[in-house]
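> Before I ask anything, here is the structure I am working with.
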Amino acid sequence: MEKHPRSVDKDASLEAASIHEGEGLDRLGYKQELHRNRSVLTLLFQTLAIAAIPYGEGGPLLNAIYGGGPLSIFVGWIVVCVLDECIALSLAELASRYPTSAGPYYWSFQIAPGSKTLISFINGWVWLIGNWTITLSVNFGFASLVSACISLYHPGWSASSWQLLLIFYAICLGSFLICTFANRYLPQVDIICATWTAVTILIILVALSVKAGAGRHSAAYALAHYDTTLSGWGGFTFFIGLLPAAYCFSAIGMISSMAEECPNPAIKVPRAMSLSVPVGGLAGLFFVLPICFTLPRLADILDAPAGQALPYIFHVVMGTPGAALGLTVLVLVITLFCSISITVAASRSTWAFARDDALPLARLWARVHPRLGVPVGSLALLTLIQMLLGLINLGSSSAFTAFVSVGVIALAVAYAIPIALSLLQGRRDVAHAHWCCGPVVGPVVNVLALAWIAFELILFSMPTALPVTRVSMNYASVVFVAFMTLSALWYVVYARKSYKGPPESDGL
C-alpha cells in the first residue's frame with residue numbers, strides 16, 4: 001500500500017530530525033548520552049559567558065597598561081577581534097563537518113593523512129591541558145578579584161598566598177556543585193549572564209563617563225596615547241598590550257564541546273562560534289572606551305592591589321570605595337557566570353577524551369550520571385586538577401600569569417593542528433561541511449588564523465616587563481612542557497597499546 005504524499009513528507013522530516021538528533025552522532029561513531037537542551041542563542045550566550053568581556057579584558061588589564069595604555073587597549077581590541085574571528089571561522093567549518101564533544105583531536109584524527117592515532121593523542125592532550133588551565137585561570141583570577149575588592153576598604157591589606165588559595169578552592173567547589181546539580185538550568189543561566197553583561201557594560205559606561213574622577217582625556221589621548229617606557233620592551237610594547245584581548249577570546253573553540261547537547265549541531269555550533277567574536281567585540285568597545293577616556297595615571301595603576309587594575313581604576317575614577325565596589329561586584333557576578341560556563345565546557349572535553357580511553361582510569365571519567373545527565377567524574381577530575389595546580393601559587397606569585405599563558409598557548413596549539421591539516425589537505429573535508437567559508441575566503445581565513453596563533457605562542461611565552469626577575473618570569477613554557485611530558489609517559493606506559501583514536505567517520 002502506497003503512502004499519501006503528505007505522509008511521505010512527514011516521514012522524511014522525522015527521519016531528518018532523527019539524523020540531527022541521534023543518528024548524526026551515530027555516523028560520527030558515538031551514541032547519544034547527553035541531553036540536547038541548547039539552542040544557537042544559548043550556545044552563543046555560553047560562548048560570551050566564557051569570554052566574560054568585563055572580566056576577560058579587565059582581569060589581565062594590567063598587561064595592557066604595561067603595553068602602553070590607551071592605544072594598546074583600544075586599537076589592540078580591534079586588531080585582536082579581527083584576527084580571532086579568523087580562528088573562529090576556521091574552527092566553525094571543522095565543527096560543522098565533525099560536530100562532536102571530542103572537538104579538535106577528533107577533527108585532527110579524521111583529517112590527518114597518516115599517523116592519525118598519534119596526532120590525535122597529542123592534540124587531545126594539548127586540548128585538554130588548554131581546557132584545564134584556562135578554566136583554572138578564570139577561577140584563580142576570580143579569587144584575585146575578590147581579594148582586590150577587600151583591598152578597596154582596607155588599602156593596607158593584601159591576601160596572603162594561603163588565603164588566596166582558600167578563596168580559589170571555594171570558587172572551584174562552588175562551580176562543581178552548580179555544574180553537577182543544576183545542569184538542566186544552565187542554558188537559562190547563560191541567557192541571564194548575557195543580559196547581566198550587557199547591563200553591566202552599560203552601567204560602567206555611564207558611571208565612568210559621568211564621574212571621571214581622574215579627569216576626562218581628549219580623543220587623541222584616549223584612542224592613541226602610547227607609553228613605551230612602562231614594560232621595558234621598547235617598540236614591542238604595543239604587542240604586550242594585546243594580551244588581555246587575546247585572553248578574552250582564547251576559549252572560543254571550547255563551545256565545540258557542547259555539540260552533543262544541541263539539536264542540529266552541524267549548523268548551530270558553527271553559527272554560535274562565528275557570531276561570538278563580532279557580538280563580543282562590539283560589546284567590548286563600549287567597555288574599553290570609557291576606561292580609555294577616564295584612565296588614571298598609568299604608572300599608578302601598575303601598583304594596583306593584587307595585580308588587579310580594574311578595581312583600582314574604578315576606585316580612582318569613581319572617587320569612593322563604595323562606588324568602586326558596586327561596579328566591581330557587577331564584574332564579579334559575570335566572573336561567576338564565566339566560571340560556571342567554562343567549567344561545563346571543560347568537563348565535556350575531559351569526558352569526551354576519556355570516552356576514547358585516552359586518560360588514566362578512563363572508565364571512571366567517561367561515565368554519565370543517569371539521573372543528573374552530566375559526567376560527574378569528569379567534573380570532579382577537572383576540579384581536583386585545578387585545586388592541585390592552585391598550590392603553585394604558594395611558591396610563586398606569578399602563578400596567575402602562568403595559568404593564563406598556558407591556557408592560551410595550549411588552546412591555540414590545539415586549534416592550529418586541525419586548521420593546518422585541513423589547509424594542507426586542500427580543505428577537502430570542510431568543503432563538504434554544512435557551514436563553510438568557501439574556496440576563496442576559507443584559505444585566507446585559515447592562513448591568517450595560523451599566522452596569529454604562531455604569534456600568540458611567542459607573545460604568551462614572554463614576560464610582561466623587563467628586566468626579568470624570579471617573580472616576573474613567565475613560567476608558562478615550563479608548565480606546558482611538564483604537562484606534555486606526563487602525557488608522553490602515559491602514552492609510552494599504557495595508551496600506546498590501548499588508545500586507538502576516536503571512531504573513523506566521513507563526517508556529516
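> Note down the relative contact order for segment 119-260 as a percent, whole number, built from C-alpha pairs under 8 angstrom at least six residues apart.
Across segment 119-260, relative contact order equals 17 percent.
> From the backbone phi of segment 85-98, what are the Karplus-calculated ³J(HN,Hα) couplings (6.51 cos²θ - 1.76 cosθ + 1.60, θ = phi - 60°) in whole Hz, Gly and Pro given as x?
5, 5, 5, 4, 5, 5, 6, 4, 4, 5, 5, 6, 6, 10
> Give the longest segment of the chain that steers clear of GluC sites (Glu not before Pro) in DSSP loops with at most 11 neighbouring Cβ atoms within 10 Å, not counting the sites themselves.
3-503
> Right, here's the next one. Sorted by packing (mean other beta-carbon atoms within 10 Å per residue), highest first, where do 457-463, 212-218 land?
457-463, 212-218
> Also: With n ≥ 4 as the cut-off for DSSP H runs, can you work out [θ] at 222 nm for the chain, using -39500 (n - 2.57) per run divided by the number of residues, rounded to the nearest 500? Spell out each step's value before the answer.
Working: 22 runs with 339 residues, N = 508.
One gets -22000 deg cm²/dmol as the mean residue ellipticity at 222 nm.
> Positive end of the dipole of segment 239-358, charges at C-beta (+1 Lys, Arg; -1 Asp, Glu), about the Cα centre: which of 307, 331, 291 has its Cα farthest in that direction?
Value: 291.
> Separate question: Across segment 357-369, in residue order, what do the Karplus-derived ³J(HN,Hα) couplings come to in whole Hz, using 6.51 cos²θ - 1.76 cosθ + 1.60 with θ = phi - 60° and x for Gly and Pro?
Ordered by residue, 3J(HN,Hα) equals 6, 9, 10, x, 6, 4, 4, 5, 7, 8, 6, 9, 4 Hz.
> Once phi is turned into ³J(HN,Hα) by the Karplus curve 6.51 cos²θ - 1.76 cosθ + 1.60 with θ = phi - 60°, what whole-Hz value does each residue of segment 39-46 show in order, with x for glycine and proline?
10, 4, 5, 5, 5, 4, 5, 5
> Let me ask another. Counting only C-alpha contacts under 8 Å and six or more residues apart, can you give the relative contact order of segment 351-508 as a whole percent? List each step's numbers first, then the result.
Working: 109 pairs, mean separation 39.9, N = 158.
Relative contact order here is 25 percent.
> Could you work out the relative contact order of the chain? I mean the mean sequence separation of Cα pairs under 8 Å and 6+ apart, divided by the number of residues, in percent.
33
> Further question: Roughly speaking, what is the centre-to-centre gap between segment 253-300 and segment 323-348 when only Cα atoms are used, to the nearest Å?
Each part's Cα centre sits 14 Å from the other's.
> So, one more: Going toward the positive end of the dipole of the chain, with +1 on Lys and Arg Cβ and -1 on Asp and Glu Cβ, which of 179, 236, 44 do you reach last?
179
> Beta carbons within 10 angstrom, averaged per residue: use that to sort the peptides 68-81, 352-365, 183-196, highest first.
Per-residue Cβ counts within 10 Å, averaged per peptide and sorted highest first, yield 68-81, 352-365, 183-196.
> Applying a 10 Å radius around every beta-carbon, put 109-118, 248-257 in order of their mean neighbour count, most first.
Listed from highest to lowest mean packing, they are 248-257, 109-118.
> Can you give me the % of accessible surface on the chain that is carbon or sulfur? Probe 1.4 Å, all protein chains present, nothing else counted. Don't skip to the end; give the middle numbers.
Values: 13200 of 19140 Å².
Carbon plus sulfur share of accessible area: 69 percent.
> Any chance you could check the Cα centroid distance between segment 167-229 and segment 61-132 for me, in angstrom?
23
The values are calculated or read from the model by the stated rules, or taken from the named source; none is laboratory data. Being a predicted model, the structure only gives us computed values, none of them experimental. All Cβ positions, even for glycine, are placed from backbone atoms using ideal geometry, and neighbour counts span all protein chains on display. Quick note on the areas: whole protein, heavy atoms, side chains included, nothing else; ligands and nucleic acids left out. Shrake-Rupley method; radii C 1.70, N 1.55, O 1.52, S 1.80 Å.
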